[in-house]
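The values are calculated or read from the model by the stated rules, or taken from the named source; none is laboratory data. This structure is a prediction, so every number in the text was calculated from the model and none was measured. Counting neighbours? That spans all protein chains shown, and the Cβs are built from the backbone with ideal geometry, glycine included. The accessibility values were calculated without ligands, DNA or RNA, using every heavy atom of the protein model including side chains. Shrake-Rupley method; radii C 1.70, N 1.55, O 1.52, S 1.80 Å.
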Amino acid sequence: MPQTERIVRHIIALMPDPIAVVDRRAVVKLLNPAAEEMLRLAPGTAIHDSLALDADASGKLLEFLGHCLSTVQPVPTRIIRPSAGDAIVYGTRLDLPGDRHGKLVLLRFDQRLQLAAKFAVLNDELSDMTDRARHHHSQKSFLQDMVIRDPLTQVLNRRGFEQLMSREFKRARRHGRRMSMAVLDLDHFKSINDRHGHQVGDKVLQHFAALCQDSVRQEDYVARIGGEEFAVVMPETNLLESSIVIDRLIQTVKSTSMSLEDFDLTYSVSAGVSQLRQNEDLSDLINRADANLYIAKENGRGRYVSDRPSSRPAVDETNERPCRPPGR
């Protein structure tokens, strides 16, 4: 068995959800114990046969696989299983070095949609796998990306955020440089899920992540640190500069309409902005941004709140003033 295939087989065995790796015809190539037990899948069988899907559902499944193979983004769909209820399936194109099966799709069956908690468990396991595969450069890159990237939005996940913050904090302390961050939360996100469904909610998260990437500067980092909570890390940036970046992002979100199949959707985001202060811990910076976010939520949402002026900035900024949010 090729080394890459052994690694992928080990990874999917650790995943709590049923996982199957299939080709474009939906024939199962690899699967984990959960898929064998819960879905009664078997290697070499077609998924639509194992799930007893009718002709219409089988055709839609093949179209879905074709869509997955045409993009690097995770693609969700809903499969209706006779007498077993609906299943939400996330398909991701799997490009493996030396793949002997041809183009493959990794399918994750998730009936409860608890993405964040489940991928947190997966990330811990993948961290160990990354160390073992260090001498295989292409395999290492593949695993590392799965560890630090949120699979839905493709920005950093919580683990990637914590690693990045630790690195930038040490750099700012060592060289006496500025560092700012913002914590952002989508307003009334639960009502979007309740009214339009989780698939629309997932699209909103992807839409917002893309707006973040387009609105922040090239040297900034975006992370999804919770269900609908994001963070922007801004190295070499003071409170005034970071507040301008976040205000621009908030206004962009307000003025951007999301076009869906049957309607257009608009939403807003609130944020808390903070700058690293002298002799404080990293947790102080994060907690202050969280507190500022809470104040923004309490004062009407769709806005940001930044730090109050500090007598102890991380560097000398006597000629600069923190930016106050409009109408504060």
Complete set of residues in segment 159-168 that are open to solvent by 40 Å² or more (accessible area, probe 1.4 Å) and of a type outside the set (D, E, K, R)
Q163, S166
List the residue pairs whose Cβ atoms are under 9 Å apart, where the first residue sits in segment 238-255 and is more than 11 Å from M181 (Cα to Cα), the second is open to solvent by 10 Å² or more (accessible area, probe 1.4 Å) and among the aromatic types (F, W, Y), and the two are 6 or more positions apart or on different chains.
V253/Y267; K254/Y267
Residue count, segment 169-180, condition surrounded by 13 or more Cβ atoms within 10 Å (Cβ to Cβ) and either out of contact with any helix residue (DSSP H, G or I) (no Cβ under 8 Å at 6 or more places or on another chain) or assigned to a helix (DSSP H, G or I) (or both), comes to 4
Working only within segment 2-40, note down all residues that are of a type in the set (A, V, I, L, M, F, W, C), open to solvent by less than 10 Å² (accessible area, probe 1.4 Å) and assigned to a loop (DSSP other than H, G, I, E, B).
A26
Candidates S215, S274, S259 - the one that is over 21 Å from S166 (Cα atoms), among the small types (G, A, S) and open to solvent by less than 40 Å² (accessible area, probe 1.4 Å)
S215
Of everything in segment 181-214, what is in a helix (DSSP H, G or I) and acidic (D, E)? Give them in sequence order.
D194, D202, D214
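Matching residues to (1) within 30 Å of D194 (Cα to Cα); (2) modelled with pLDDT under 70; (3) of a type in the set (S, T, N, Q):
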residue: A84; (1), (2), (3): yes, yes, no
residue: Q114; (1), (2), (3): yes, yes, yes
residue: D128; (1), (2), (3): no, yes, no
residue: R158; (1), (2), (3): yes, no, no
Can you tell me which of (1) under 17 Å from T153 (Cα atoms); (2) open to solvent by 40 Å² or more (accessible area, probe 1.4 Å); (3) of a type outside the set (A, V, I, L, M, F, W, C) is the one G226 doesn't meet?
(2)
Just checking, how many residues over segment 215-261 are assigned to a loop (DSSP other than H, G, I, E, B) and farther than 16 Å from V204 by Cα?
8
Kindly check whether there is at least one residue in segment 195-206 that is more than 26 Å from I244 (Cβ to Cβ), free of Cβ contacts under 8 Å to residues at least 12 places away in the same chain and open to solvent by 20 Å² or more (accessible area, probe 1.4 Å).
yes
Scan segment 272-299 and report the pairs whose first residue is closer than 16 Å to R177 by Cβ and whose second residue is among the small types (G, A, S) and assigned to a loop (DSSP other than H, G, I, E, B), with Cβ atoms within less than 6 Å and a gap of 6+ or a chain change.
L276/A314; R277/S310; R277/A314; Q278/A314
For residues that are free of Cβ contacts under 8 Å to residues at least 40 places away in the same chain and part of a helix (DSSP H, G or I), scanning just segment 41-54, find the one that is nearest to R78 (Cα to Cα).
H48
Taking into account only those residues within segment 44-71 that are more than 30 Å from the chain's Cα centre (by Cα), surrounded by 12 or more Cβ atoms within 10 Å (Cβ to Cβ) and of a type outside the set (A, V, I, L, M), which is modelled with the highest pLDDT?
T45
